[in-house]
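The values are calculated or read from the model by the stated rules, or taken from the named source; none is laboratory data. Here the structure is a predicted model, which is why all the values come from computation and not from measurement. All Cβ positions, glycine included, derive from the backbone under ideal geometry; neighbour counts span all protein chains shown.
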Amino acid sequence: MRISHEHRFAAPLADVVAMMGDEGFAAIRARASGAQDCDVLVDHDEDGSFTVVMRRTVPANAIPAEFRSFVGSSIAVRYTEVWSAPELSGERADRGDREGTFALEIPGTPGHARGAVVLRPDGDGTAFGLAGDVQASVPLVGAMVERTIASAIENALPAELAAADAWLAAR
């Protein structure tokens, strides 16, 4: 199942990239998505690339009742974003685009989401885009699991982006 989302930040690209790579913001972002508990790790490389890993525990009431008996009262979710280093030459370097990948995994379940994230200058702000696929290889109920994961992402992402807007506005 395909998912996508676009958003515009009212801040320059450099500020948005710095925010995305900030461990304090990552924790705020995880809590904004409904996490009851979270662990965050941000790892920066010398070339400007960075990886954000969020391990969060979310209430199981976000999933259909028929699946709750399989997961208990909460669900462990691992979300990883890997942002590439800034381009040094070419069209993307001229614009300043930053690209990355994301992966959402629910350990112990057959469902996951993977895709791409991008930040691009947009006038005096920054455009954010996410596009990916949700997959669940389970006979008979795979499509329902995919819809559940896609819905959870689509519901959490606006809350995370609202937290990001507030973070940027406070700076």
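Observations, loosely collected:
- The residue that is nearest to ARG98 (Cα to Cα), counting only those in the range 13-30 that are of a type outside the set (Val, Ile, Thr) and buried (at least 18 other Cβ atoms within 10 Å of the Cβ), is LEU13.
- Qualifying residue in the range 34-44 (condition: more than 24 Å from GLY111 (Cα to Cα) and of a type outside the set (Val, Ile, Thr)): yes
- Boolean, SER33 is over 12 Å from the mean Cα position of the chain (by Cα) and polar (S, T, N, Q): no
- Condition met for GLU66 (in contact with a helix residue (DSSP H, G or I) (Cβ under 6 Å, 6 or more places away or on another chain) and modelled with pLDDT under 95): no
- Residues of the range 112-130 that turn out to be farther than 14 Å from VAL16 by Cβ, buried (at least 16 other Cβ atoms within 10 Å of the Cβ) and without any contact (Cβ under 8 Å) to a residue 60 or more places away in the chain, as a count: 1
- Condition met for THR57 (assigned to a strand (DSSP E or B) and modelled with pLDDT of 95 or more): no
- Residue ID - nearest to SER73 (Cα to Cα), chosen from residues in the range 32-44 that are crowded, with 18+ Cβ neighbours inside 10 Å and without any contact (Cβ under 8 Å) to a residue 60 or more places away in the chain: ALA35
- The residue that is modelled with the lowest pLDDT, among those in the range 69-82 that are crowded, with 16+ Cβ neighbours inside 10 Å and under 25 Å from SER49 (Cα atoms), is VAL77.
- For beta carbons closer than 6 Å, sequence separation of 6+ or different chains, a first residue in the range 6-20 that is within 20 Å of HIS44 (Cβ to Cβ) and a second that is buried (at least 17 other Cβ atoms within 10 Å of the Cβ) and of a type in the set (Phe, Trp, Tyr), the qualifying pairs are VAL16/PHE9; MET19/PHE25; MET19/TRP167.
- Qualifying residue in the range 93-108 (condition: surrounded by fewer than 19 Cβ atoms within 10 Å (Cβ to Cβ), farther than 22 Å from VAL17 by Cβ and out of contact with any His (no Cβ under 6 Å at 6 or more places or on another chain)): yes
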